[in-house]
Ligand code: SAJ
C-alpha cells in the first residue's frame, strides 16, 4: 500500500474505530482529537465510548505501537476527517442549516502539515458541496500545492468523500463488511481512496463523484426517517381507532412487498434526526415528504407526554384517595435506541426529563446501560434498579426496548403502562 501513515482527525464514534481498524492491519495511525482527555485515554489503551469489541481493538493497537493519539496534526500520507456535522441553532419551526465549523477547523488544522501526494478524505456526513468546500479551504491555506478543482487528475493533493455508514452497536463488524461509497473530486482521487479502504474493507468500494456520495449518505438516513415516520403516524392513527399498531404492522408485513418499521417515542441519535435537514435546507421547496417526516417524528415525544398525562388522570380516577403528588411514575429506558448507553439526542431522555419537570414528586428512571445520572438529568428524578421497580411504580412509561425489558415481558405487572415500544402492552 502506498500509504505508510494514516491520520484520523476526530476520535469519536466513527474516527476511533476506523483508526483502530487500520492499526489492527499494521498500518501506522496517528489519531488527532482536540480533547486532551480523549487523547490521554486512548494513549493508555482505553476507550471513552461504549461500542462492542472496540476496547480490545484499541488496547491492542496502542500496545503494539500502531496507534497513537495527539492533539495537533502531524505529517501523514492520508488524512481521514471524521468530525461532527451538527446543525446551527435556529428558532422553533425554522429549517436548521448545517454547521460545517468542525470540518473547517479540522481542514485548517491539517493544512499546515499537508504535502504533495497526500490524500484527504471527508468521512463526516455532509451536505452536498461540502467536499468541494473542504478542498477550497485547503487550496486557500496552501497556495503552494495544487488541488483537484483546478488541477484535476494532476493535483498534488487528492480529495474524496467517503461517508461512514456503520450502525452504532455494530460498528466494528460493519466497518469491515459494509460496501463503501467513494466520491472523489477526480477519478484518481477515488482510485487512491479505494486502495486505502481496501486495507480492511471486505465489502465493495463503489466509485462515484463527491456530490453523489454526499447525497447517497443523506438519502439513506432520510429514507429511514421517512419509513419510521410512517410507523409513528400509524401508531397515532391506531391509538385513535383502538387498534393494536404492533399487531397491525406484523400483519401488514406478511405481505411479500411490505416492510413497515417500528413506531417508538420519536427518532433519536445524531444521524437520522439530523441528516434529512441537510437535504431540506438545500431544497426546501422540493423536499416536502422528507420535511413532513421530520415533523411527524419530532412531534412523537409530545404525543407520548400527553399519554402520560392521561394515564395520571386515569390513575387518580381509579384511586380517589390519592393526589397527583402520590402518583409514582417510572420511566424505563433513556438511551436513543435499545442496548446502548448513548443518550445523545434521545427522545426517551427528553420525554423522561419533561415528565420529571412537570410531575409534583420525584420520577424514577431505569436505564440498565448507565450507572449514574448527570446533575442536569437528575433534577426531580432518581435512577433506580429494574429489579424491584414494580414496588415503586404506579405508572410505567416504557421508552426503550432494551433486552432486559423484553426479557421481563411476562414478569412485569404494572397497573398503568404507557408502552411506546409494544413490549409490555
Ligand atoms: N427507530 C425507530 N423505529 C425503527 C428503527 C429505528 O423508532 O424501526 C429509531 C431508533 O430508536 C433511534 C432512531 O430511530 O431513535 C435511529 O436509530 P437507527 O438504528 O435507525 O439508526 P442509527 O442512528 O443508530 O444509525 C443510522 C444508520 N443508518 C441507516 O440505517 C440508514 C447507520 O447505518 C448510519 O451509519 C448512522 O445512522 C449514521 O452514522 O449516519
Computed P(r) (all Cα pairs; segment 181-249; 10 Å bins; percent): 19, 28, 18, 15, 15, 4
Mean-position separation - Cα centroids, segment 241-260 and segment 344-372, in angstrom: 30 Å
Euclidean distance of C-alpha centroids, segment 180-197 and segment 30-78, integer Å: 25 Å
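Using R₀ = 56 Å, calculate the FRET efficiency as 1/(1 + (r/R₀)^6) where r is the Cβ-Cβ separation of residue 376 and residue 187; round to 0.05.
Working: r = 50 Å, r/R0 = 0.89.
Taking R0 as 56 Å, the efficiency between residue 376 and residue 187 is 0.65.
With viscosity set to 0.890 mPa s at 25 °C, what whole-number translational diffusion coefficient in µm²/s follows for segment 332-425 from Stokes-Einstein and a Kirkwood radius over Cα pairs? Please list the in-between numbers first.
Numbers: Rh = 13.2 Å.
Here the translational diffusion coefficient equals 185 µm²/s.
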Reciprocal mean inverse distance between Cα atoms of the chain - Kirkwood radius, Å: 23.4 Å
Nitroxide proxy distance, nm - points 7 Å out along Cα→Cβ at residue 362 and residue 149: 5.7 nm
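If you scale each eigenvalue of the Cα gyration tensor by 5 and take the root, what three semi-axes come out for segment 221-419, rounded to whole angstrom and sorted largest first? Before the final figure, lay out the partial values.
Values: eigenvalues 178, 78, 55 Å².
Working through the eigenvalues yields semi-axes of 30, 20, 17 Å.
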Sum of -39500 (n - 2.57) over DSSP H runs of 4+, divided by residues of the chain (222 nm, nearest 500): -12500 deg cm²/dmol
Extension reserve of the residue 257-residue 174 stretch, reckoned as 0.36 nm per residue once the Cα distance is removed: 27.3 nm
Rounded FRET efficiency, nearest 0.05, which uses the C-beta distance separating residue 292 from residue 415 and R0 of 22 Å: 0.05
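Nearest 5 percent is fine: what portion of the DSSP beta bridges confined to the chain is antiparallel?
Of those bridges, close to 5 percent are antiparallel.
Taking the Cβ-Cβ separation of residue 108 and residue 212 as r and a Förster radius of 22 Å, what is the calculated FRET efficiency to the nearest 0.05? Walk me through the numbers on the way to the answer.
On the way: r = 26 Å, r/R0 = 1.20.
Once rounded, the FRET efficiency stands at 0.25.
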Relative packing of peptides 235-242, 415-422, 349-356, 87-94 - highest average C-beta neighbours within 10 Å first: 349-356, 415-422, 235-242, 87-94
Rounded to 10°, Cα long-axis angle of helix 210-241 versus longest principal axis of the chain: 10 degrees
With Cα atoms, 0 to 90° folded angle of helix 187-197 axis to the chain main axis: 60 degrees
Relative contact order %, the chain, counting alpha carbon pairs below 8 Å whose residues are six or more apart: 10 percent
Shape of segment 249-324, Cα gyration tensor, a/c cut at 1.5: oblate
Estimated distance in nm for a label pair at residue 384 and residue 354, the labels positioned 7 Å out from Cα along Cα-to-Cβ: 2.3 nm
0 to 90° range, to nearest 10: angle between helix 101-111 axis and the chain longest Cα axis: 20 degrees
Segment residue 310-residue 324, length gained on full extension (0.36 nm per residue, minus Cα span): 3.8 nm
For segment 5-203, the Rg and Dmax computed from alpha carbons only, in angstrom: 16.3, 51
Estimated distance in nm for a label pair at residue 91 and residue 204, the labels positioned 7 Å out from Cα along Cα-to-Cβ: 4.8 nm
Within segment 360-376, backbone nitrogen closer than 19 Å to the virtual label 7 Å beyond the Cα of residue 44 toward Cβ: 371-372
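Every number here is computed from the coordinates shown, using simple stated rules; none is lab data. Worth saying up front: this structure is predicted, and the values here are computed from it rather than measured. Ideal geometry is used to build each Cβ from the backbone, glycine not excepted, and the neighbour counts take in all protein chains shown.
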